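Asks: Before anything else, here's the structure in question.
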Amino acid sequence: MHSLNSLPVLPIVALRIDPWSSTTIKEYEKLFAYFGIKPFNEVLPELSELVEPHPLMRRGVVFGHRDFRNFLQVIKSGGKAAILTGLMPSGKMHLGHKMVIDQLVYYQKVMKAKVFVAIADVEAYAVRKKSRKEVIESALNEYIPNYLALGLDPEKTVIYFQSNYRPEYYRLIQLFSRKVTLAEMQAIYGQDLGPAKIMAALTQAADILHPYLNEFGGHDIVLVPVGADQDPHLRLARDIADRYSNDIRLGRPASTYHRLMTGLTGDKMSSSRPDSYIALTDPPEEAAKKVMRSLTGGRATAEEQRKLGGEPQKCPIFELNAYHLIPDDNELRKLYEDCVSGRILCGRCKKETAERLKEFLKEHQERLNSVKDLVKEVVKPPAF
Ligand code: SF4
């Protein structure tokens with residue numbers, strides 16, 4: 001039987017790492033071999049000595065890292081740690097997005113780290129061809145309120161638009177352009193690289209590295225928790241940090257990598273297909289119906305399932321519970337064992353999941369109403 005610390009990986013399809021494509025990465029093990037990402041399991045004991053690891057870490061959802069030990073070292077020695085995340089405002093914020101925020105809240109509460117949230121409005125406009133108005137409104141009305149409702153402390157969080165920040169940040173972008181070659185960027189991001197993607201990539205490097213500057217707190221380390229598809233930005237930022245180590249106060253950022261959620265339709269969770277995701281603002285009854293329509297890892301007939309058991313490692317409903325709805329490890333282990341032994345069938349399992357989800361959404365949406373007015377106090381939108 002699989003332990004919850006090593007939830008089985010998804011089936012192997014193809015490896016491609018491109019932050020601008022919609023490809024799902026399904027060969028997580030190859031990230032270790034090809035790109036030098038290390039298994040997160042190896043740092044769990046050290047983390048456990050310090051604090052209780054987050055459920056996403058204990059359950060293998062956060063599966064990889066770069067230099068997480070350096071981050072722990074800074075925490076242990078009482079140094080200053082920053083956590084950076086980028087936010088691409090597009091469509092509804094859903095449970096796939098929530099995983100990053102859960103980790104930010106954890107680092108903020110448990111490790112006392114300062115959180116930086118970069119709203120990638122420049123990238124959304126230049127690379128993804130979104131309208132400025134749509135992106136700015138989506139950030140202000142959809143994403144930031146949900147971030148706050150999920151527990152980010154506005155007092156300990158810096159939220160900024162890439163197009164509306166401070167001069168020292170823009171200086172980094174300009175300086176970085178000197179020591180990066182086109183060939184190097186093509187090796188990281190692929191051949192299809194025009195001015196928009198180059199500018200977006202250098203901007204992302206400044207997002208990741210600017211908390212090291214004294215003007216932004218002089219942090220001793222920046223940790224970036226990301227989905228594996230965002231690793232190219234980390235590789236570029238780490239290379240740049242090395243090249244500027246004599247000129248500017250920068251350091252090598254650390255990172256962690258989490259699995260991307262499977263959609264309820266069995267493929268990638270996509271903002272263009274509402275049935276594939278649960279939005280944080282979905283009316284609870286509607287979300288419950290999506291759960292009842294979801295694919296599962298169940299067998300063709302009830303008789304077969306009683307005999308063979310279900311396949312939770314292929315089941316979006318199990319993921320929903322493991323990633324979001326069952327915080328207690330023993331309760332989740334029981335669901336896993338009931339499923340693989342055929343003691344529970346998918347109909348009942350979905351109903352119970354739908355109830356958990358309705359309760360979570362109801363509480364979240366109440367919090368959402370109470371934080372909406374805070375948004376204008378925590379972020380200044382660009383004029384155009
Ligand atoms: S019983 Fe639940 S966890 Fe198991 S396959 Fe069915 S829906 Fe998924």
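Asks: May I ask you to list pairs of residues, at least six apart or on different chains, whose Cβ atoms are under 6 Å apart, with the first in the stretch 288-301 being on the phi < 0 side of the Ramachandran plot and without any contact (Cβ under 8 Å) to a residue 60 or more places away in the chain and the second being near the ligand (Cβ under 9 Å from one of its atoms) and part of a loop (DSSP other than H, G, I, E, B)?
Replies: Matching pairs, first to second residue: Thr296/Cys315; Gly297/Gly310; Gly297/Glu311; Gly297/Cys315; Gly298/Gly310.
Asks: Could we say that Glu303 is at pLDDT 95 or above, more than 25 Å from His364 (Cβ to Cβ) and open to solvent by 20 Å² or more (accessible area, probe 1.4 Å) here?
Replies: So Glu303 fits the description; yes.
Asks: Please enumerate the residues belonging to the stretch 201-222 that are touching a Phe, Trp or Tyr at 6+ places or on another chain (Cβ under 8 Å), assigned to a loop (DSSP other than H, G, I, E, B) and among the aliphatic types (A, V, I, L, M).
Replies: None; the set is empty.
Asks: Within the stretch 120-132, is there a residue that is within 20 Å of Leu368 (Cβ to Cβ) and either outside any helix (DSSP H, G or I) or touching a strand residue (DSSP E or B) at 6+ places or on another chain (Cβ under 6 Å) (or both)?
Replies: The answer is no, given that none of the residues of the stretch 120-132 is within 20 Å of Leu368 (Cβ to Cβ) and either outside any helix (DSSP H, G or I) or touching a strand residue (DSSP E or B) at 6+ places or on another chain (Cβ under 6 Å) (or both).
Yes or no, residue by residue, for (1) open to solvent by less than 20 Å² (accessible area, probe 1.4 Å); (2) outside the structural domain of Gln365 (by TED's automatic domain parsing); (3) modelled with pLDDT of 95 or more:
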| residue | (1), (2), (3) |
| --- | --- |
| Leu72 | yes, yes, yes |
| Gly79 | no, yes, yes |
| Ile83 | yes, yes, yes |
| Met88 | no, yes, no |
| Gly91 | no, yes, no |
| Val100 | no, yes, yes |
| Tyr107 | yes, yes, yes |
| Lys114 | no, yes, yes |
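Asks: Show me the helices (runs of 4 or more DSSP H) entirely contained within the stretch 38-107 in which 2 or more residues are touching a strand residue (DSSP E or B) at 6+ places or on another chain (Cβ under 6 Å) and at positive phi.
Replies: The helices (runs of 4 or more DSSP H) meeting that bar number zero.
Asks: Are any residues in the stretch 146-183 touching a residue at least 24 places away in the same chain (Cβ under 8 Å), over 22 Å from Arg238 (Cβ atoms) and open to solvent by 40 Å² or more (accessible area, probe 1.4 Å), and if so, which ones?
Replies: Asp153, Pro154, Lys156, Ser163, Asn164, Arg166
Asks: Determine whether the stretch 338-351 contains at least one residue that is at pLDDT below 95, of a type in the set (D, E, K, R) and either buried (at least 19 other Cβ atoms within 10 Å of the Cβ) or more than 16 Å from the ligand (Cβ to nearest atom) (or both).
Replies: No - not one qualifying residue is present in the stretch 338-351.
Asks: Can I ask one more? Kindly list, by first and then second residue, each pair from a residue in the stretch 222-242 that is over 17 Å from Tyr106 (Cα atoms) to a residue that is surrounded by fewer than 24 Cβ atoms within 10 Å (Cβ to Cβ) and of a type in the set (Lys, Arg), limited to pairs with Cβ atoms under 6 Å and residues at least 6 apart or on different chains.
Replies: Arg238/Arg252; Ala241/Arg252
Asks: The conditions are (1) within 16 Å of the ligand (Cβ to nearest atom); (2) open to solvent by 10 Å² or more (accessible area, probe 1.4 Å); (3) closer than 20 Å to Leu87 by Cα, and Ile278 fails exactly one of them. Which is it?
Replies: (2)
Asks: Here are some residues: Ala322, Ala287. Which one is within 13 Å of the ligand (Cβ to nearest atom), closer than 20 Å to Leu361 by Cβ, modelled with pLDDT of 90 or more and under 23 Å from the mean Cα position of the chain (by Cα)?
Replies: Selected residue: Ala322, the only one of Ala322, Ala287 that is within 13 Å of the ligand (Cβ to nearest atom), closer than 20 Å to Leu361 by Cβ, modelled with pLDDT of 90 or more and under 23 Å from the mean Cα position of the chain (by Cα).
Asks: Give the stretch 322-372 a look and list any residue that's polar (S, T, N, Q) and either without any contact (Cβ under 8 Å) to a residue 24 or more places away in the chain or part of a helix (DSSP H, G or I) (or both), or say none.
Replies: Asn330, Thr353, Gln365, Asn369, Ser370
Asks: Now for a different question. Filter the stretch 309-318 for residues that are part of a helix (DSSP H, G or I) and either more than 17 Å from His258 (Cα to Cα) or open to solvent by 20 Å² or more (accessible area, probe 1.4 Å) (or both) and give the result.
Replies: Of the residues in the stretch 309-318, the ones part of a helix (DSSP H, G or I) are 312-314, 316-318.
Result: Pro312, Gln313, Lys314, Ile317.
The values are calculated or read from the model by the stated rules, or taken from the named source; none is laboratory data. Remember, predicted model here, so these are calculated numbers, not experimental data. Methodologically, a virtual Cβ is constructed for each residue, glycine included, from the backbone with ideal geometry; neighbour enumeration extends over all protein chains shown. To get the accessible areas, we keep the full protein, side chains included, count just its heavy atoms, and leave off ligands, DNA and RNA. Shrake-Rupley method; radii C 1.70, N 1.55, O 1.52, S 1.80 Å.
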